[in-house]
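Novice: Sharing a structure here in structure tokens format.
Read the figures in this text as sums done on the coordinates, not as results from a lab. Given the structure is predicted, the values throughout are model-derived calculations rather than measurements. Because the Cβ atoms are built from the backbone with ideal geometry, glycine has one as well, and the counts that use them run over all protein chains shown.
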Amino acid sequence: MLSAVVLISGGGSNLRAILDATKNPMYPVKVLAVGADKPADGLAHAELFGISTFVVEPDRFDSREAWARVLLSNIQHFEPDLVVLAGFMKILPADFVKALSPRLINTHPSLLPNFPGAHAVRDAIAAGATSTGVTIHVVDEGVDTGPHLAQSEVAVLPGETEHQLHERIKVVERDLLVSVLQQIAEQKITLNA
Ligand code: GAR
């Protein structure tokens, strides 16, 4: 059984997909806790499943490094095998990444290396891309630059809005994330920094 702490910032539909998968006793992943950088709506999914939550807000700290140290100690309290960034929208400092690497993964709504950063879906539409998708990757010290674990392509439909495209990407993303976690648990995917 692979144990995980999941970090979110928003609605947590990817988190919800993982939690729904864990209802199947054959699914080899257990979510120990869910953390956020704000009182994110998605924390409600964890509460529904009776899973511990923690919120560590950057505004309450003098520096990003001090914030990340407290975030890390909240995570380490649960001693997870893996930390999953599932819509966590803050960039993490190098010391945080080093402490968890390579057992820190992220899901990102583009086919990296295209469209890294916080506005991947908007950027793909603005660039006139006809296809984009999702990438799940190991986190390194760059922004969305770590080794890829899996990708899925999603066509960009003419005239669709950022919201419409992102919702279609998330449908693919949820399945891919649930599958990648299973493959990590079953050692079919190896994590390398
Ligand atoms: C997901 O599409 C995830 O890839 C993206 O935020 C969304 C969160 O959705 N993350 C990033 O853009 C990170 N750069 P959710 O809260 O419904 O799971």
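Novice: In this structure, does residue 26 turn out to be within 15 Å of the ligand (Cβ to nearest atom), of a type in the set (A, V, I, L, M, F, W, C) and either closer than 21 Å to residue 142 by Cα or in a loop (DSSP other than H, G, I, E, B) (or both)?
Specialist: Considered against the rule, which asks whether it is within 15 Å of the ligand (Cβ to nearest atom), of a type in the set (A, V, I, L, M, F, W, C) and either closer than 21 Å to residue 142 by Cα or in a loop (DSSP other than H, G, I, E, B) (or both), residue 26 comes out as no.
Novice: Checking residue 87 against (1) among the small types (Gly, Ala, Ser); (2) buried (at least 19 other Cβ atoms within 10 Å of the Cβ); (3) touching a residue at least 60 places away in the same chain (Cβ under 8 Å); (4) more than 16 Å from the ligand (Cβ to nearest atom): exactly one of these is not met. Which one?
Specialist: Residue 87 satisfies every listed condition except (4).
Novice: Shifting gears a bit: Evaluate the following for residue 160: is it among the charged types (D, E, K, R), without any contact (Cβ under 8 Å) to a residue 60 or more places away in the chain, part of a helix (DSSP H, G or I) and within 16 Å of the ligand (Cβ to nearest atom)?
Specialist: Against the criterion (among the charged types (D, E, K, R), without any contact (Cβ under 8 Å) to a residue 60 or more places away in the chain, part of a helix (DSSP H, G or I) and within 16 Å of the ligand (Cβ to nearest atom)), residue 160 does not qualify.
Novice: Can you find even one residue in segment 181-191 that is under 13 Å from the mean Cα position of the chain (by Cα), touching a residue at least 40 places away in the same chain (Cβ under 8 Å) and crowded, with 19+ Cβ neighbours inside 10 Å?
Specialist: yes
Novice: If you scan segment 149-163, which residues turn out to be surrounded by 14 or more Cβ atoms within 10 Å (Cβ to Cβ) and not hydrophobic (A, V, I, L, M, F, W, C)?
Specialist: Residues satisfying the conditions are 151, 152, 160, 162.
Novice: Looking only at segment 154-193, count every residue that is farther than 30 Å from residue 96 by Cα and of a type in the set (Val, Ile, Thr) and tell me the total.
Specialist: Result for segment 154-193: 3.
Novice: Among the residues of segment 103-157, write down those that are more than 14 Å from the ligand (Cβ to nearest atom), among the small types (Gly, Ala, Ser) and either assigned to a strand (DSSP E or B) or under 13 Å from the mean Cα position of the chain (by Cα) (or both).
Specialist: Passing the criteria: 131, 155.
Novice: Further question on the same structure: Taking the options 40, 17, name whichever one is surrounded by 19 or more Cβ atoms within 10 Å (Cβ to Cβ), within 11 Å of the ligand (Cβ to nearest atom) and part of a loop (DSSP other than H, G, I, E, B).
Specialist: Within the list 40, 17, the selection yields 40.
Novice: Can you name the residue in segment 52-80 that is among the acidic types (Asp, Glu) and assigned to a loop (DSSP other than H, G, I, E, B) and is also farthest from the chain's Cα centre (by Cα) among such residues?
Specialist: Filtering segment 52-80 for residues that are among the acidic types (Asp, Glu) and assigned to a loop (DSSP other than H, G, I, E, B), the one farthest from the chain's Cα centre (by Cα) comes out as 62.
Novice: Kindly list, by first and then second residue, each pair from a residue in segment 1-27 that is within 18 Å of residue 183 (Cβ to Cβ) to a residue that is polar (S, T, N, Q) and within 15 Å of the ligand (Cβ to nearest atom), limited to pairs with Cβ atoms under 8 Å and residues at least 6 apart or on different chains.
Specialist: Every condition considered, the pairs that remain are 14/107.
Novice: Check whether at least one residue in segment 52-65 is touching a strand residue (DSSP E or B) at 6+ places or on another chain (Cβ under 9 Å) and within 16 Å of the ligand (Cβ to nearest atom), and report yes or no.
Specialist: For segment 52-65, residues touching a strand residue (DSSP E or B) at 6+ places or on another chain (Cβ under 9 Å) and within 16 Å of the ligand (Cβ to nearest atom): present.
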